[in-house]
Each structure stands twice: as C-alpha cells, then as structure tokens.
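The values are calculated or read from the model by the stated rules, or taken from the named source; none is laboratory data. The model shown is predicted, which means the values in this text are computed figures rather than measured ones. Because the Cβ atoms are built from the backbone with ideal geometry, glycine has one as well, and the counts that use them run over all protein chains shown.
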Amino acid sequence: MKYMKPIVISTLAIFMLGGCYNQPGLVTDGSYDRTKTGAATGALAGAIIGYNTKGRDKGKRALIGGLLGAAAGTAIGYSLDQQANEVANALGTGVNNDPLASLDPNKNIIVSKHPNFVKIMFRDRMMFATASSELQPTARAKVNKVATLLENYPQTVVGVAGFTDNQGSFEYNKKLSEERAHTVANILSINGKPYTKGCAYDKAIAPNTSKESRALNRRVEVYLYANKNVMADPCR
C-alpha cells in the first residue's frame, strides 16, 4: 500500500492540471473527455515507470513520474479537445457528440469528439457532384479552413475516408470513394500525407433502402489523431 500512495497522489494531480486548461473564445464542448483520460493514463504510466527506475526513494520517483506523465497526457488530450472546438468554429458549427446527428439530413457538417480522435463528417451532397471526385467550390473552402487550422498542430495525424451508397458495383464505389478521399486529403497535406481509404458502402450509417437513407451514407470523414498508433480502420 505504501507504494500505491505516490501513484494515487500523482493521479489526483490530473484534476489540478485539468483545471489550468480553459481556452476562452471557442465554440465549446466543455467535457474535455480526452484531456481527463490522457492525464489519468499518463499519470499512471509515469508513476509506474518512475517507481521501477533503479535507485533510492522509489516513492518520490513515482510521484515525479506521475506528475510528468499526467502533464504529458493532459497536453495531448487538450490538444485534441481544442482542435475539435476550433474546427467547429471555423466551419460555422459546434461540437456535436449526439450519435444520432449523422441521421439528420439537415446537417451537412458534423464535428464530434471521440476518445482517441476528432471526426469531421462532410455530407456528400455539399462536397461532390454525382459520380464526381472534384470538390465543389463551397466544399473546397470548408476543407481549406481545416487545412489552415492544421498548420497550428504539426503533431496531428490525419486520416480521410470516403463512403458511398450501394448503387452500382462495390468495385466502382470503392474506386469513387478512394478518389474522393484523396481529393480531400490532398488539401489537408499540410503536415504530411494523410492516411486515406475508400470504404465504398461498407459501414453504412443508415439502411440503403430509400433515396433519403442512401443520401445519408454518401459522405467523407476526416479524422484527427494525436498519433498514428491509435488509428483504426474507418471501414469497420
């Protein structure tokens, strides 16, 4: 138990650290879930590493390691939280974590926060003409705003995925979804080439049973990650 004390103390420090981060002037979602998760994970990992390091006074090293780990974890989490709010502001919307938001046909852009990434969903109808992978002017302006913001976050890893409905063959839709993802990714290649994937009509968000529901499935999603190790397959 005496070895757990410094770990607990260092973990509690995340609340002190979390209270220091309060960025004014953003379109805010104040939950800052990744900030808290990152700080807790960093504190625990730092405390364990500090304790296992050779030398005397393991408790002190565990406390210092936990504090440093919490600070690093908080910084990573807060960066994603801040990006979510800044992106939403630039795109003229707010952060929307409602899982049913993607089923609202009136929402052309949805910015949402997730444990390991920020997702920007662009509805297909505002992005491309039918069967085309060339961005329409309004859509290009929106994507350019995201690219401008990424200049402030050189550590961010970007992923882009294209999705279609089930009209036509899977091969045709996969090619079209890949081309659309590449079009968006080329604009977002600010800090390195984004990871891209064409998902065709895999991972539909609505049944492809009507004109209205098929329109919901046609989309491009942009993912902002803290690092590539937490990236997931967008088609699954």
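Of all residues in region 185-225, those being over 16 Å from the mean Cα position of the chain (by Cα) and under 16 Å from PHE128 (Cβ atoms) number 12. In region 130-143 there is no residue matching the filter, namely being over 17 Å from ARG219 (Cα atoms) and crowded, with 20+ Cβ neighbours inside 10 Å. Checked against the criterion of being among the polar types (S, T, N, Q), surrounded by fewer than 23 Cβ atoms within 10 Å (Cβ to Cβ), farther than 28 Å from GLY198 by Cβ and at pLDDT 95 or above, the candidates ASN108, ASN89 yield just one match: ASN89. Summed over region 184-206, the residues that are of a type in the set (Gly, Ala, Ser) and in contact with a Gly (Cβ under 7 Å, 6 or more places away or on another chain) give a count of 1. A single member of ASN152, ASN116, ASN227 is exposed (fewer than 14 other Cβ atoms within 10 Å of the Cβ), within 16 Å of GLN83 (Cβ to Cβ) and in contact with a strand residue (DSSP E or B) (Cβ under 7 Å, 6 or more places away or on another chain), and it is ASN227. Of all residues in region 125-144, at least one satisfies being among the charged types (D, E, K, R) and more than 26 Å from TYR172 (Cβ to Cβ).
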